[in-house]
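Accompanying notes for the structure given below.
The values are calculated or read from the model by the stated rules, or taken from the named source; none is laboratory data. Since we're looking at a predicted model, the values are computed, not measured. We place every Cβ from the backbone using ideal geometry, glycine too, and count neighbours over all the protein chains shown.
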């Protein structure tokens, strides 16, 4: 069930059109080229020897006899060839971690690379890896972030005073007064457990020296080829002019491929020395133990409210377990910082106090994952709203609406200085109520027999999400680099066909189609006939990469501007050839119409490239225009959404079935409704994973317990309902075309909506993800807290 | 995640296969559908020197009638073949029903009945079902052929009665008589997952619709399928009044304690629920 907006754009193929993806042919036909499909002559395979202890001192590394030189690389072999990874936040309080490319003296998490083995194929490399004896003197692992301030338990980083990257505090308004005025005060603890990213395609890279071009070439399954080229060039000591990074087809990233990985650094360093192509393809075990992990947030939220459920003030203690190292470029403190900023959510909160602590432990580093910090913050605040509603015995949807920033107050600056730019949050909840058939579900609940084993529950979760934030926001966060713009180059080739070279990278977002739709509206070319080239530093202009729900806004803006510039040039050439004024030229598909005659793009291009004799000297040859787009207001375009879930809980087993699900979303002007729907389906699947299935547990010795799909559960197709989707469109006033980001949003709310629904079904507070049958059943049979 | 080196043989008939097994003994492993063995090889949890691939042996994919309406089923029959009832199911629908719930179709297209039994994963369906049905397993080697009851064949966690030189060639499944009903309950997180808990109940009825006997087996244990003798007794006595839940749960607990299968409260509860639901299905069919 999907409410469709009536088509109101000029062309059904431009912005707003339901256009089939240009990418579908190769992806659905099995003809894509992922990094593991890259075949180069004399290519050799890499396997890593990884630490099997979470914390310890490396005493010795013993290699088997008789190996050819260059087979095994340790930290000693990389000395002078590669620098360690340092991701420091621009704050004096931030404690810096130094991540060696291969472990030097100490290992700090299970799975940390210690040695690199190169052989003719991966199986042989693994055979050799098995024979390498690493003697590690184990140290007690630091595993509990709650003890981060306790210096007696040992240190993850020996030069730190304790195991905290940073503690950030904020105090806004008058929380103490809100506490005094409150008729109801509720404190609850919430926990969103650690999990993995699990893209369909794992990480991987292929690196080789291209002697003809005198450059190092790396194919990498990455979300930001230009940015990793910059940082890798620094770590490897190579000029960027002599380094090309190519992201081929990428089978999902979700943030996991948005970091600098030590494996890539090691492979590049060795490839430069050995002169043969090297390939490393992460296997699934490596992914679970060695890729950046996600979430691992704890919250203690106190809400001060009136007896009507109006929230007067909020207090938040946030604790994030960021693992052993700070990942580049995000830094270890991004999660806690963002969570602190987003706790007030779409609500009118004027008194707010937080402490945000980021702990270091002997676990894999924490990195960005779809939603980045927001799913945790949303879980905490949306559960809190429902806890307040339960305490004052009101309908949670109503308490939600009553506390929301009213539409007439937008644009609204939140207590944490976020500028909510546009929309109607309360209306989003009302539409979600309608889409989920709120009254009917409440009736069905009342009709349940009192002793029914299966209990029905209804839950909501709303959020407003900063997307496509630019220079100002990233600068405020103190990142090592600032992601403030995107670049596009629009080129009409000599035969009149259109190529867009963009700095952005597409790995499943359909940007080869949606950017073509933006170009279509300006230049008239059929989107199916536009070539969009991206993800290759040898072809595309410099770009920041695809993350933070920024690509359509930023690259769409750049594409729009570049096409407008190109269109102006087309008009000036057309005007000259048709003997009229450029202002008299109108766009008519791929023709330019003058007062008395029309001319095709092909003929304009022919003149611009092959028959410049037809043009006056004032008109430059060629048809290629580049634009950099940087939003004027760079605090972000705020998308928002409400999710509604109906669940049935089997009280005998603790198993949860999702019966109905509805998503009301507003991502500003929609470029392609089918792609937006696809993002909702995928985000919902991952959100359900966080809510019900996915968890990466470490045992008391610091050993990962969920390192294959046997133990690590992801939702399959039967576990993900097809949601009712309601689109609303409130254009952002801050971006070209009124676009807002929408890549991450759908993964934010499901944990909160499902937890609220289960809480509603059982009248027991759900406080932890994933809500496995065991967790739910234990909550029923050993209720904790009020 | 690549296997250690091994030699691969694809013998042309059962005799050639058993000859290889006789030659290589415990250095060899039998490859049938490979749906469990290949991951074990890739994880390097198993490292046989020799793989004997029997998946192309047609004689292991046949099925033919045996005494009393039973069926002899070749060990290399796939789960899909059973799911699609290309085997003339002698159990009135139990075998296809169970097969449908095993993993995903692409796995069922390759995974085999005999492979599942010989692998003896405690979470697998066939060891449980074949124990409950009282099936027999035929093992062949150069030394000859022998038959062993499924309940004796499946000995424990990935452990069977098969000798290193023996090949599991067929399984004799007895018919489930008209006088019997069955119930099967697999509690899994989602379609295609291994069971969290799993039970099968077979009830024999007299002419006047009273229960004569109950066979009750529990799977998804830590070790091997378990016959729940005390619970069977409670079920025989209490099933007419549609099962007293507490009595039943207590009986399951005692049965589990007997075989050292008690776990945390939720785990025991899941076993108990699976048993109750299997029994309920077996009885409601008849009562209705």
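Of all residues in the range A:176-228, those satisfying the criterion of being closer than 30 Å to residue A:303 by Cβ and part of a strand (DSSP E or B) are A:184, A:185, A:186, A:187, A:188, A:189, A:190, A:191, A:192, A:193, A:194, A:195. Within the range B:230-266, the residues that satisfy the criterion of being free of Cβ contacts under 8 Å to residues at least 12 places away in the same chain, within 26 Å of residue A:771 (Cα to Cα) and either away from chain A (no Cβ under 14 Å) or part of a helix (DSSP H, G or I) (or both) are B:262, B:265, B:266. Only a single criterion out of (1) away from chain A (no Cβ under 14 Å); (2) surrounded by fewer than 23 Cβ atoms within 10 Å (Cβ to Cβ); (3) touching a strand residue (DSSP E or B) at 6+ places or on another chain (Cβ under 6 Å) is not satisfied by residue B:60, namely (2). Within the range A:682-699, restricting attention to residues that are more than 20 Å from residue A:467 (Cα to Cα) and more than 14 Å from chain B (Cβ to nearest Cβ), which residue is surrounded by the fewest Cβ atoms within 10 Å (Cβ to Cβ)? Taking the candidates together, the pick is A:699. Filter the range A:582-605 down to the residues that are more than 43 Å from the chain's Cα centre (by Cα) and in a helix (DSSP H, G or I), then identify the one that is surrounded by the most Cβ atoms within 10 Å (Cβ to Cβ). So the residue we want is A:603. Within the range B:166-197, the set of residues being over 20 Å from residue B:92 (Cα atoms) and either within 14 Å of chain A (Cβ to nearest Cβ) or assigned to a loop (DSSP other than H, G, I, E, B) (or both) comprises B:166, B:187, B:188, B:189, B:190, B:191, B:192, B:193, B:194, B:195, B:196, B:197. Among the criteria (1) touching a residue at least 12 places away in the same chain (Cβ under 8 Å); (2) more than 29 Å from residue A:12 (Cα to Cα); (3) surrounded by fewer than 24 Cβ atoms within 10 Å (Cβ to Cβ), the one residue A:522 does not fulfil is (2). Residue count for the range A:763-782 under the criterion of being away from chain B (no Cβ under 14 Å) and out of contact with any strand residue (DSSP E or B) (no Cβ under 6 Å at 6 or more places or on another chain): the result is 4. Filtered by the rule that a residue be within 14 Å of chain A (Cβ to nearest Cβ), in contact (Cβ under 8 Å) with a residue 12 or more places away in the chain and out of contact with any helix residue (DSSP H, G or I) (no Cβ under 6 Å at 6 or more places or on another chain), the range B:1-37 gives B:4, B:6, B:8.
So that you can scan it fast, the table gives a plain yes or no per residue for (1) modelled with pLDDT of 95 or more; (2) within 27 Å of residue A:709 (Cα to Cα); (3) crowded, with 20+ Cβ neighbours inside 10 Å:
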| site | (1), (2), (3) |
| --- | --- |
| B:24 | yes, no, no |
| B:27 | yes, no, no |
| B:31 | yes, yes, yes |
| B:71 | yes, no, yes |
| B:83 | yes, yes, yes |
| B:97 | yes, yes, no |
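On the given criteria, is residue A:557 surrounded by 20 or more Cβ atoms within 10 Å (Cβ to Cβ) and within 27 Å of the chain's Cα centre (by Cα)? Yes: the conditions hold for residue A:557.
Go over the candidates A:327, A:399, A:392 one by one and state the one that is closer than 28 Å to residue A:101 by Cβ and touching a residue at least 24 places away in the same chain (Cβ under 8 Å). Write out each step before concluding.
Values: A:399 fails: closer than 28 Å to residue A:101 by Cβ; A:392 fails: closer than 28 Å to residue A:101 by Cβ.
Exactly one residue qualifies, and that residue is A:327.
A single member of A:702, A:668, A:622 is away from every other protein chain (no Cβ under 14 Å), without any contact (Cβ under 8 Å) to a residue 60 or more places away in the chain and more than 18 Å from residue B:188 (Cα to Cα), and it is A:622. Summed over the range A:277-332, residues that are away from chain B (no Cβ under 14 Å) and assigned to a loop (DSSP other than H, G, I, E, B) total 19. Taken over the range B:99-141, the residue count meeting the criterion of being over 20 Å from residue B:60 (Cβ atoms), more than 11 Å from the chain's Cα centre (by Cα) and either in contact (Cβ under 8 Å) with a residue 12 or more places away in the chain or buried (at least 19 other Cβ atoms within 10 Å of the Cβ) (or both) is 5.
Residue under question is residue B:76, and the condition is that it be assigned to a helix (DSSP H, G or I), surrounded by 14 or more Cβ atoms within 10 Å (Cβ to Cβ) and more than 14 Å from chain A (Cβ to nearest Cβ); does it hold? Spelling it out, it is not the case that residue B:76 is assigned to a helix (DSSP H, G or I), surrounded by 14 or more Cβ atoms within 10 Å (Cβ to Cβ) and more than 14 Å from chain A (Cβ to nearest Cβ).
For the range A:468-511, a tally of residues being touching a helix residue (DSSP H, G or I) at 6+ places or on another chain (Cβ under 9 Å) and part of a helix (DSSP H, G or I) returns 2.
Are any of the residues in the range A:674-681 within 14 Å of another protein chain (Cβ to nearest Cβ) and more than 30 Å from residue A:50 (Cα to Cα)? Give the steps one after another, and end with the answer.
To start, the set of residues in the range A:674-681 that are within 14 Å of another protein chain (Cβ to nearest Cβ) comprises none.
Looking for residues that are within 14 Å of another protein chain (Cβ to nearest Cβ) and more than 30 Å from residue A:50 (Cα to Cα), one finds none in the range A:674-681, hence no.
Of the helices (runs of 4 or more DSSP H) lying entirely inside the range A:333-450, the ones with 3 or more residues being over 23 Å from residue A:743 (Cα atoms) are found at A:374-391, A:396-403, A:425-435, A:438-446.
I'd like to verify a number: residues in the range A:653-665 that are within 14 Å of chain B (Cβ to nearest Cβ) and in contact with a strand residue (DSSP E or B) (Cβ under 9 Å, 6 or more places away or on another chain), how many?
Narrowing the range A:653-665 to residues within 14 Å of chain B (Cβ to nearest Cβ): A:653-658.
Subsequent filtering for residues that are in contact with a strand residue (DSSP E or B) (Cβ under 9 Å, 6 or more places away or on another chain) retains A:653, A:655-658.
Here the count works out to 5.
Pairs are defined by a Cβ separation below 7 Å, a sequence spacing of at least 6 or placement on different chains, a first member in the range A:711-733 that is within 17 Å of residue A:646 (Cα to Cα) and more than 10 Å from chain B (Cβ to nearest Cβ), and a second member that is in a strand (DSSP E or B) and modelled with pLDDT under 95; the pairs so defined are A:725/A:2; A:726/A:3.
When A:621, A:637 are checked against the criterion of being on the phi < 0 side of the Ramachandran plot, modelled with pLDDT under 95 and touching a helix residue (DSSP H, G or I) at 6+ places or on another chain (Cβ under 7 Å), A:637 stands alone in meeting it.
In the range A:734-743, of all residues being touching a helix residue (DSSP H, G or I) at 6+ places or on another chain (Cβ under 7 Å) and not in a loop (DSSP other than H, G, I, E, B), the one that is farthest from the other protein chains (Cβ to nearest Cβ) corresponds to A:736.
Residues that are more than 14 Å from every other protein chain (Cβ to nearest Cβ), within 19 Å of residue A:267 (Cα to Cα) and in a strand (DSSP E or B) within the range A:103-139 comprise A:113, A:114, A:115, A:116, A:118, listed in sequence order.
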